[in-house]
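Participant: Let me begin by handing over the structure; questions about it come next.
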Amino acid sequence: MIKENSGIRKSDVINRRMFIISAAKIVVFTGIVARLFSLQINENKKYLTLSDKNRIREWKLPPTRGNIVDYFGNIIAGNLKVYQLHIIPEQVENFNYLLLRLKTLLNLSDKKIQKIIKLKNKLKPWDSIIVSENLSWSQFLKINNYLYDLVGVKPVMIISRNYPFSEMYTHILGYVSQPNEEEVLENEIVKERFVPGMKIGKLGLEKTLEKQLIGTNAIQRYEVNAYGKRINQLEYQKGLQGNKIRLTVDTEVQKLSAQLLLNKAGSISVMDIYTGDIIAMYSSPSYDPNLFLFGISQDEWQLIRNNPLKPLINKTLSGLYSPGSTIKPIVALSALENNIINTNFKVKCTGKTELYGQTFHCWKEKGHGFVSLKNAMKQSCDTYFYEVARLLGVDRLNVTAKKFGLGEKVLGEYFDSEKKGLFPNTNWKKNNLGRGWVLGETLITGIGQGYTQTTPLQLCLMTAQIANGGYKIKPKIIVNDDPLSLEDAKISMTLQSLQTPNIRLFNDPKNIKIVQEAMFSSTNEQFGTSYKSRIDDPKYQFAGKTGTAQVKRISKRERELDLKLEQIPYKDRDHALYVAYGPYKNPRYALSIIVEHGGSGSKAAAPMAKELFKLIIDRDELRDKQSNFENINI
Amino acid sequence: MFQRDSLNSELSFLQKIKEIDYTLLICIILLSIISLLVMYSTDGGEILYHTKSHFSKLVVFFPLMLFIAFFNIRYWHTFAYLFYFLVILLLLYVSFFGLKASGSQRWMDLYLFVLQPSELMKIAVILCLAKYYHRIKTENVNTLTSIMLVLTIIIIPIIFVISQPDLGTSVLIALSGLIILWLGGVKVKYFVYSFITFLISLPFIISFLKPYQKLRILTFLDPDRDPLGAGYQIIQSKIAIGSGGLDGKGFLKGTQSYLDFLPEKHTDFIFTLFSEEFGFIGSVGLLILYTIIIFRIIRIGAISRSNFSKLFCFGFAFSIFIYIVVNLSMVLGLLPIVGSPLPIMSYGGSSMLATMIGFGIVLSAKINHRQTIA
């Protein structure tokens, strides 16, 4: 019985203690439920985000660059579908065999094979290796034929930049290529949108307009597993193509410029004298920007780099030349404006002039006799301009030259490489060379030699501003949102000149007229330096001024020898220049031509103007019709 | 005397069937089905290795449970000490010839499946102590010799298990043993004293922990300390559970597990997957199912006439409760990571075997609840 009793007592203890435990259990379970509640209900959003962050990964794709079109809507920098060849190592059955097959199919170098093997060891098995960035059509066909045998190989289509006019626009557009680390870091927008394989503008407008052209990345959202492998695509967000940019240039004129300068070093620029639109801007020789898209080969690069005609230099903007006689209209204008001379003022040219024991030669050994301004301009008499410059002084000449844009960048905001050039005055020499100005230097400045350095585009702008009656214009290469028609441009120019007086570059409009007439005679009257290149049809008739810039001092002996162009070493030959505007009756366009080491301006440069004006003026009507951008479908 | 004899007499097979606790049985079946579905989900929605293996284990161990249920609980009383010694022998065997995996040696290869004797010890220690307290006189419970003996019974297997090393299981064995001490009537003050002693010696104990165990504790205190290393499991587990929300991401749609962000999703972190896919509602539902099972077992203990049955049922109910609490606290980031499976749900034969044996004994206790054991 005792045992029974103790048994009952024992079970009481057990039951009582069990009750205590059970109460504790309920408390603990409640605690766990509370924890579940806090994680799953209260903090659900936070953990849902974290879980999505875990599983969703975004892949940015290279953005598609905006097209660049010429004035007529022709694409001059577009995009092309390009086939690349990728290997996905994970899917490859026999890597060595595959490499061997690809090597023979695509003619891959041993170096490339080594590179692929290295990449394969570095990357995750599901990351693709790019074997070829740009398969040619025949390669693509070959690969497609053998695709059954090439397990793990995938042709991939990508969008790549394309320049359909190849070297035609290189100096304007520049080109795109793979950026280096610095380039990615220094440009905010590139940094933000950078993805491997993306190309950025390296030069020219492609570089300066990067922000507008670049476009936004397309985004692929993938679900990935814990090891980063893509499981499936969740979303594809299309990127926006970069902005379309319309240039003021006319491909036909550009083409003709390239044709005229074929195998020559030089530059042609054509400008609308009212709107400042640059119609053509070609620097010769040029090179094919398409070569840079997928990395230029060493051989091709050396070929471009070592070309003695220097294709890498944009001569229109960065080439500095003595203006030679093309400066004479400015010298004449400056003298007229300062009342140094009038139309009756005459100088006797004997072929040379002496100053402090130094002889200054006119290009015509026999001399021009008594010459007025008109005749001096027509025949480009140096003696006349020596005398005018002497009377005018370099400082007053400098003021006029500056007004017309010499010594200042023309398109500086768009082209990093553009040079300012130089138009000297006495202060400049003192400050920069530490010596006083010498009168003899004034004389040679008066015929565009000496310190003066100009870019071809500056000369074009200078001519345009003489042609439009002496009004300052802002040259541009990109069409604004609202391009002006000719009439509107003229009206706005006159209106602006009333509001802002410094747009007027003259004191007396008569003086501009005198200079214009002098230039007219130079081209259209007998004995004019470019008389042979004239066009009599008033529709095309133009006025211009030749220039022949010495690249070295002509020695006495050389002067006596009077060598023919072919007899002088290329490097020592004069640069040939020509500036002109037309049609003379109702001017619209100005141009400047320079042929490096081309000899005399009248022989080498002026004939090109004839060809150009024919084309430009023929296309004038078309251009006016195209002024409204909306009519263009690209 | 007659009445007692009649109570102790064997029941017929039909009577036994009538006496089965069907509520408990249905809950166990339900839990088994849920565990199979979850295992199917861990296999990525296909019937692969884990699902097949889990299924085959259920097919073997569920009948084993029923088989045990039809055995009179008296036999378990009779063989309790023997069972304990047998498992001790297995532990001894494992510590010399056991299979090694990921730095610990706790398994033996039985060709059909790999047995982890320490899991069986969870049951054996309850059985052994239940028998001890069933037999001991109440006045002797708090004698020094009794307490020392009981502590020895608990400590011997723990030494084996800790040296494997397996901190989680040894803690669970200790807790299973201690609860019987508590139920057996050991004075409350002893528990209080030893708890205080434990707290004081805690820094000392920590200095004895293996580096990886220390790391787990540090990681528990601050999982963001090393988010890709030691803290990874806790962080990913919390993300999975938290992102489940109210009603979960849906069956087979748990991204955390499906995309391999969850480590050990078949075993210790099975609840995380369940919770991610079925959300708060599902998790509470599962918890309710477990609660029903636990209270059903406690009820069986309460109606049992023999103290052995009582002690075993209460002890087993408590240990199931402890397994659940430790496992859930771990995956919810409330406790450091100690390897401890979720009963029936987790993949793993030994744990399921032990749990099924336990259920079997409990069912047997129900069938024979009117019996007393001498």
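Participant: Answer yes or no: is there a residue in segment A:324-340 that is free of Cβ contacts under 8 Å to residues at least 24 places away in the same chain and either part of a helix (DSSP H, G or I) or in the same structural domain as A:TYR71 (by TED's automatic domain parsing) (or both). Write out each step before concluding.
Facilitator: Step one: list which residues in segment A:324-340 are free of Cβ contacts under 8 Å to residues at least 24 places away in the same chain, which gives A:339.
With the extra rule that they be either part of a helix (DSSP H, G or I) or in the same structural domain as A:TYR71 (by TED's automatic domain parsing) (or both), the set shrinks to none.
No, segment A:324-340 contains no residue that is free of Cβ contacts under 8 Å to residues at least 24 places away in the same chain and either part of a helix (DSSP H, G or I) or in the same structural domain as A:TYR71 (by TED's automatic domain parsing) (or both).
Participant: Moving on. Search segment A:199-227 for residues being closer than 16 Å to A:LEU291 by Cα and outside any helix (DSSP H, G or I), and hand back the single one that is farthest from the other protein chains (Cβ to nearest Cβ).
Facilitator: A:LEU203
Participant: Let me confirm something: among A:GLU133, A:GLU206, A:GLU188, A:GLU223, which residue is touching a strand residue (DSSP E or B) at 6+ places or on another chain (Cβ under 6 Å) and closer than 24 Å to A:LYS244 by Cβ? Don't jump to the end; show me each part of the working.
Facilitator: Values: A:GLU133 fails: closer than 24 Å to A:LYS244 by Cβ; A:GLU188 fails: touching a strand residue (DSSP E or B) at 6+ places or on another chain (Cβ under 6 Å); A:GLU223 fails: closer than 24 Å to A:LYS244 by Cβ.
Residue meeting the stated conditions: A:GLU206.
Participant: Has segment A:70-89 got at least one residue that is among the basic types (Lys, Arg) and out of contact with any Leu (no Cβ under 8 Å at 6 or more places or on another chain)?
Facilitator: Step one: filter segment A:70-89 for residues among the basic types (Lys, Arg), giving A:81.
The next check asks that each one be out of contact with any Leu (no Cβ under 8 Å at 6 or more places or on another chain); those that pass are A:81.
Scanning segment A:70-89 turns up at least one residue that is among the basic types (Lys, Arg) and out of contact with any Leu (no Cβ under 8 Å at 6 or more places or on another chain).
Participant: Follow-up question, since we're still on this one. What number of residues within segment A:115-146 are within 39 Å of the chain's Cα centre (by Cα) and assigned to a loop (DSSP other than H, G, I, E, B)?
Facilitator: Adding up the residues that qualify gives 7.
Participant: Collect the residues in segment A:107-135 that are of a type in the set (Gly, Ala, Ser) and within 22 Å of A:LYS199 (Cβ to Cβ), keeping them in residue-number order.
Facilitator: Step one: list which residues in segment A:107-135 are of a type in the set (Gly, Ala, Ser), which gives A:109, A:128, A:132.
Those that are of a type in the set (Gly, Ala, Ser) and within 22 Å of A:LYS199 (Cβ to Cβ): A:SER128, A:SER132.
Participant: While we're looking at this one, here's another question. Which fully enclosed helices (runs of 4 or more DSSP H) of segment A:452-549 have 3 or more residues being more than 26 Å from A:VAL595 (Cα to Cα) and among the hydrophobic types (A, V, I, L, M, F, W, C)?
Facilitator: On the way: elements: A:456-467, A:486-499, A:509-524.
Those helices (runs of 4 or more DSSP H) span A:486-499.
Participant: Is it the case that B:ILE298 is β-branched (Val, Ile, Thr) and facing another protein chain (nearest Cβ under 10 Å)? Reasoning before the result, please.
Facilitator: Numbers: β-branched (Val, Ile, Thr): yes; facing another protein chain (nearest Cβ under 10 Å): yes.
Answer is yes for this residue.
Participant: Continuing with this model, one more query. Quick check, is A:ARG65 more than 9 Å from every other protein chain (Cβ to nearest Cβ), crowded, with 18+ Cβ neighbours inside 10 Å and among the charged types (D, E, K, R)? It would help to see each step written out before you state the result.
Facilitator: Details: more than 9 Å from every other protein chain (Cβ to nearest Cβ): yes; crowded, with 18+ Cβ neighbours inside 10 Å: yes; among the charged types (D, E, K, R): yes.
In short, yes.
Participant: Sticking with this one: Say whether the condition of being away from chain A (no Cβ under 14 Å) and free of Cβ contacts under 8 Å to residues at least 40 places away in the same chain is met by at least one residue in segment B:124-139. Talk me through it step by step, then tell me what you get.
Facilitator: Just the residues of segment B:124-139 that are away from chain A (no Cβ under 14 Å), to begin with: B:124-125, B:127-128.
Filter again for free of Cβ contacts under 8 Å to residues at least 40 places away in the same chain, leaving none.
No, segment B:124-139 contains no residue that is away from chain A (no Cβ under 14 Å) and free of Cβ contacts under 8 Å to residues at least 40 places away in the same chain.
Participant: So is A:LEU48 facing chain B (nearest Cβ under 8 Å) and out of contact with any Ser or Thr (no Cβ under 6 Å at 6 or more places or on another chain) or not?
Facilitator: no
Participant: While we're here: Being surrounded by fewer than 24 Cβ atoms within 10 Å (Cβ to Cβ), of a type outside the set (S, T, N, Q) and not in a helix (DSSP H, G or I): is that true of A:LEU563 here? Spell out how you get there, then give the answer.
Facilitator: Values: surrounded by fewer than 24 Cβ atoms within 10 Å (Cβ to Cβ): yes; of a type outside the set (S, T, N, Q): yes; not in a helix (DSSP H, G or I): yes.
Considered against the rule, which asks whether it is surrounded by fewer than 24 Cβ atoms within 10 Å (Cβ to Cβ), of a type outside the set (S, T, N, Q) and not in a helix (DSSP H, G or I), A:LEU563 comes out as yes.
Participant: In segment A:164-203, which residue that is among the basic types (Lys, Arg) and surrounded by 14 or more Cβ atoms within 10 Å (Cβ to Cβ) is farthest from A:ASP416 (Cα to Cα)?
Facilitator: Going through segment A:164-203, the residues among the basic types (Lys, Arg) turn out to be A:191, A:193, A:199, A:202.
Within this subset, residues satisfying the condition of being surrounded by 14 or more Cβ atoms within 10 Å (Cβ to Cβ) are A:193, A:199, A:202.
On the way: A:ARG193: 23, A:LYS199: 19, A:LYS202: 11 Å.
Among those residues, the one meeting the criterion is A:ARG193.
Participant: Looking at segment B:171-284, what helices (runs of 4 or more DSSP H) fall wholly within it and have at least 2 residues that are within 13 Å of chain A (Cβ to nearest Cβ) and surrounded by 14 or more Cβ atoms within 10 Å (Cβ to Cβ)? Give the derivation first.
Facilitator: Details: elements: B:188-208, B:211-221, B:232-244, B:255-258.
Because the criterion is at least 2 residues that are within 13 Å of chain A (Cβ to nearest Cβ) and surrounded by 14 or more Cβ atoms within 10 Å (Cβ to Cβ), the helices (runs of 4 or more DSSP H) in segment B:171-284 that meet it are B:232-244, B:255-258.
To keep it simple, each residue is scored yes or no on (1) among the small types (Gly, Ala, Ser); (2) more than 41 Å from the chain's Cα centre (by Cα).
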site: A:LYS53; (1), (2): no, yes
site: A:GLY66; (1), (2): yes, no
site: A:VAL69; (1), (2): no, no
site: A:PHE72; (1), (2): no, no
site: A:LYS81; (1), (2): no, no
site: A:ILE88; (1), (2): no, no
site: A:GLN91; (1), (2): no, yes
site: A:ASN94; (1), (2): no, yes
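Participant: If only one of A:VAL176, A:VAL184, A:VAL190, A:VAL153 is over 23 Å from A:GLU413 (Cα atoms) and among the β-branched types (Val, Ile, Thr), which one is it?
Facilitator: Working: A:VAL176 fails: over 23 Å from A:GLU413 (Cα atoms); A:VAL184 fails: over 23 Å from A:GLU413 (Cα atoms); A:VAL190 fails: over 23 Å from A:GLU413 (Cα atoms).
Being over 23 Å from A:GLU413 (Cα atoms) and among the β-branched types (Val, Ile, Thr) holds for just one of A:VAL176, A:VAL184, A:VAL190, A:VAL153, which is A:VAL153.
Participant: Has segment B:41-61 got any residue that is in contact with a His (Cβ under 8 Å, 6 or more places away or on another chain) and in a helix (DSSP H, G or I)?
Facilitator: The initial filter retains those residues of segment B:41-61 that are in contact with a His (Cβ under 8 Å, 6 or more places away or on another chain), namely B:42-43, B:50.
After this cut, where a residue has to be in a helix (DSSP H, G or I) as well, the list is B:42, B:50.
Among the residues of segment B:41-61, at least one is in contact with a His (Cβ under 8 Å, 6 or more places away or on another chain) and in a helix (DSSP H, G or I), which makes the answer yes.
The values are calculated or read from the model by the stated rules, or taken from the named source; none is laboratory data. Predicted model only: the values in this text are computed from it and were never measured. FYI the Cβ positions are ideal-geometry reconstructions off the backbone, even for glycines, and counts take in every protein chain you see.
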